[in-house]
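The values are calculated or read from the model by the stated rules, or taken from the named source; none is laboratory data. Since the model is a prediction, treat every value here as computed from it, not as a measurement. Glycine also receives a Cβ, built like all others from the backbone with ideal geometry; neighbour counts cover every protein chain displayed. Areas reflect the complete protein model, heavy atoms only, side chains present, ligands, DNA and RNA absent. Shrake-Rupley method; radii C 1.70, N 1.55, O 1.52, S 1.80 Å.
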Amino acid sequence: MKVEDKVLDLAKRRGFVWGPSPNIYEGGLKGFYDWGPLGKLLKNKVENILRKGFSGFSFWEVECPTIMPKKVWEASGHMDGLIDYVTYCTKCKSAHRVDHLMDDIEDFNQKKLGELLRERKIICPSCKKGGFEVVEKRNLMMKTKIGLDQEAFLRPETATTTYLLFPELYRFFRTKMPFGVFQSGKAYRNEISPRQGVFRTREFTQIEAQLFLLKENFNDYEKFNDYADEELPLMKYGFKKIEHIRLGDSIKKKFMKKEAYAFMNFVAYKLIKDMGFDSNKIRIRQHNPAELAFYADDAWDIEINTERHGWMELCGIHDRKDYDLKRHAEFSKTKMEVQGETPTILEIAFGLERTAYALLENSLVDDKDRDWLNFKQGIAPIDIAVFPLMKKEGMDDLAKELFSNLDKDFACVYDDSGSIGRRYRRMDEVGTSFCITVDHDSLKENDVTIREVSSMKQTRIKISEVTKIVKDLISGKISFEDL
Ligand SMILES: [Zn+2]
């Protein structure tokens, strides 16, 4: 089996990702997935790293509604801008995204796209007979109603809902600029034909962080200097390869224009590294001018090299200038200024599901003897498993007691079925960091065997010290070698 297929198989079989959802009803809806118990644990751990990480850089968390009236989306530009170009087969009538039929298009013009489809004589991939003639625009927002008849939409991103808080936030931060906030929550996009599994879904979780700042803060940004020596793997537009550039040199060498913006790239990159991604599979790639929104000053994506989809975006870092606040000020007739200046927004946008899934794939190790998940300490869905060597002579009672103690503080499982070797393999397969075995000697010596997933090394530790040792191992305070 190829690595990518192994990940899919593992994700389904061991309860990471199920779907499409709701699976029992005719195989579910495309673009919707369920996260099973292990997947949800993994997702929570990824989310915790981001939440803790953003908080650690002084971003404060907010939470907004997921439904907003039409006017908000007119102001934000999503009403006109969040669209796909769709065309229908002349024979079988199936709908297709134009950019899926012709993936080399950079300039999207409705009339021109129709001409191109006819000129190139594109054949329908569904029936292999029909062709295409007319191109339609389809908005990707999901529509709903508030009360009896007020038109509203499910948010296609968390960011817009955060921008609307600017006047309140400005007061909360006691009118001091710059300030940072973030929001974690669901967003929805009615993708015409979702592909790429959990990488492109119709409902997803985003964590987006914003830094609100004034022009005087662009290149006088204290935190930029604090991390000047950190290196970033940057792939500038027009360059063929990744260059490792010090944050401090990113402005001097003209990779980026604003210190504060370069700092936002560093924050996002650091959080991805904290999750344990293999650093030679990460790059920060600048958008080409065609990808860049008309109002944006600059945009870079952090991408991970995946087996199934090649380089995939986990996170975008955008310099949105003063576009959003200006638009919402105009449409809402609310002042969004600081001393006559509309603040700029620098943004980091993470997709949570795709990050968790990429991490799952990135962690799979295909050894000769075993398939196992090599998660960074503290990221594994299950921290620890407890086994009695045999279900007799009180070994099972002692193991159960140990389990119920550990289960209070850690994600912990108890397993007494099958040989020890099989139990280890079951745990290796989902990357469980440590396994503890209660054997004959445990009853006399009050100690147990602890085994580390990555090295498969084992050692004995006192039962009275198990909780503390596991805690220190998982937090990275000590390593297995120290035992
Ligand atoms: Zn067709």
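Taking a 1.4 Å probe, which of Ile123, Ile251, Ile348 shows the most accessible area, and what order do the others take after it?
Final ranking, largest accessible area leading: Ile123, Ile251, Ile348.
List the Cys residues of the chain that have no partner Cys with a C-beta closer than 4.7 Å.
Cys64, Cys315, Cys412, Cys435
What are the ³J(HN,Hα) couplings of region 294-309, residue after residue, when phi is run through the Karplus curve with 6.51, -1.76, 1.60 and θ = phi - 60°? Round to Hz, x for glycine and proline.
Per-residue couplings from phi come out as 4, 8, 7, 8, 6, 8, 10, 10, 8, 10, 10, 7, 9, 5, 7, 10 Hz.
Any chance you could get the radius of gyration and Dmax over the Cα atoms of region 183-270, in Å?
Cα radius of gyration and Dmax of region 183-270 are 16.7, 45 Å respectively.
With only Lys, Arg, Asp and Glu charged, each at its Cβ (+1 for the first two, -1 for the last two), find how big the charge dipole of region 12-70 is about the Cα centre; round to the nearest 20 debye.
260
Which of the chymotrypsin sites (Phe, Trp or Tyr not before Pro) across region 77-182 are loop residues per DSSP, with 15 or fewer other Cβ within 10 Å?
Here the chymotrypsin sites (Phe, Trp or Tyr not before Pro) that fit, given the DSSP loop and packing criteria, are Phe108, Phe173.
Mean 1/r over all different Cα pairs, inverted: what Kirkwood radius does region 94-147 give, in Å?
Every distinct Cα pair counted, the radius reaches 12.7 Å.
Calculate one ³J(HN,Hα) per residue across region 396-403 by plugging θ = phi - 60° into the Karplus curve 6.51 cos²θ - 1.76 cosθ + 1.60, and present them in order as whole Hz with x for glycine and proline.
Per residue, the Karplus-derived 3J(HN,Hα) values read 5, 5, 5, 5, 5, 5, 4, 4 Hz.
Just want the answer: with Cβ charges of +1 for Lys and Arg and -1 for Asp and Glu, which residue in Ile436, Leu398, Trp372 is farthest toward the dipole's positive end in region 371-482?
Value computed over the given set: Trp372.
Hey, if we sort Trp35, Trp311, Trp60, Trp372 by accessible area with the 1.4 Å probe, largest down, what's the order?
Trp60, Trp311, Trp35, Trp372
Could you tell me which of rounded, prolate or oblate describes region 11-93, using a ≥ b ≥ c as the square roots of the eigenvalues of the alpha-carbon gyration tensor, with rounded for a/c under 1.5 and, failing that, prolate when a/b is larger than b/c and oblate otherwise?
oblate
In Å², and per residue, what accessible area does the chain have when probed at 1.4 Å with the other protein chains present?
Solvent-accessible surface per residue comes out at 49 Å².
Probe 1.4 Å, all protein chains in place: accessible area of Asp80 in Å², nearest 10?
Near enough 120 Å² of accessible area.
Given contacts defined as C-alpha pairs under 8 Å and at least six residues apart, what's the relative contact order of region 235-302, whole-number percent?
33
If the reach is capped at under 30 angstrom between alpha carbons, list the lysines near Lys128, excluding any in the same chain fewer than eight residues apart.
By straight Cα distance, Lys128 reaches Lys2, Lys30, Lys91, Lys93, Lys111, Lys112, Lys137.
How large is the dipole of region 83-139 about the Cα centre if only Lys and Arg carry +1 and Asp and Glu carry -1, each at its Cβ, rounded to the nearest 20 debye?
In total the dipole reaches around 420 debye.
Spelling out what I want: for every residue of region 261-274, take phi, set θ = phi - 60°, compute 6.51 cos²θ - 1.76 cosθ + 1.60 (Karplus), and round to whole Hz; glycine and proline get x.
Karplus-based 3J(HN,Hα) across region 261-274 equals 6, 4, 4, 4, 5, 5, 4, 5, 5, 4, 5, 5, 5, 4 Hz.
Which FRET efficiency value, to the nearest 0.05, is calculated for Glu465 and Val134 with the Förster distance at 60 angstrom and r the Cβ-Cβ distance?
Efficiency computed from Cβ-Cβ geometry: 0.25.
Two decimals is fine: what's Rg over Rh for region 371-482, C-alpha atoms, Kirkwood radius as Rh?
Reported Rg/Rh, Kirkwood definition of Rh: 0.93.
Taking the chain as the reference, fit the longest principal axis to its C-alpha atoms, fit the long axis of helix 420-429 to the helix C-alpha atoms, and give the angle between the two in degrees, 0 to 90, nearest 10.
Between the helix axis and the principal axis of the chain, the angle is about 10 degrees.
Can you tell me which lysines have their Cα less than 18 Å from the Cα of Lys392? Leave out same-chain residues fewer than eight positions away.
Lys400, Lys444
What's the local net charge at Asp107, with K and R +1, D and E -1, over the other residues with C-beta under 13 Å away?
-3
How high is the relative contact order of the chain, in percent, with contacts defined as C-alpha pairs under 8 Å that are six or more residues apart?
Here the relative contact order equals 12 percent.
Of the options Asn139, Ile122, Ser94, report the single residue whose Cα projects farthest towards the positive end of the charge dipole of region 83-139 (beta-carbon charges: Lys, Arg +1; Asp, Glu -1).
Of Asn139, Ile122, Ser94, it is Ser94.
What does the helix-only formula give at 222 nm for the chain: each DSSP H stretch with n ≥ 4 adding -39500 (n - 2.57), the total divided by the residues, and the result rounded to the nearest 500 deg cm²/dmol?
-9000 deg cm²/dmol, from helical runs alone.
Which value, in debye to the nearest 20, gives the size of the charge dipole of region 371-482 about its Cα centre, when Lys and Arg are +1 and Asp and Glu are -1 at the Cβ?
Taking the Cα centre of region 371-482 as origin, the dipole is about 120 debye.
Tilt of helix 466-475 relative to the longest C-alpha principal axis of the chain, in degrees (0 to 90, nearest 10)?
Around 30 degrees separate the two axes.
In terms of Cα to Cα distance under 17 Å, which lysines are near enough to Lys471, apart from those fewer than 8 places away along the same chain?
Excluding near neighbours in sequence, the set is Lys45, Lys376, Lys408, Lys462.
If you roll a 1.4 angstrom probe over the protein chains with everything in place, what fraction of the accessible area of the chain belongs to carbon and sulfur, to the nearest %?
48
In region 177-271, which trypsin sites (Lys or Arg not before Pro) are in a loop and have at most 15 other Cβ atoms within 10 Å, using DSSP for the loop call?
Answer in residue order: Arg195, Lys240, Lys241, Lys252, Lys253, Lys254, Lys257.
Do you know the relative contact order of region 371-482, to the nearest whole percent, from alpha carbon pairs under 8 angstrom that are 6+ apart?
Over region 371-482, the number comes to 29 percent.
With angles folded into 0 to 90 degrees, how steeply does helix 37-56 sit against the dominant principal axis of the chain? Use alpha carbons for both and round to 10.
70
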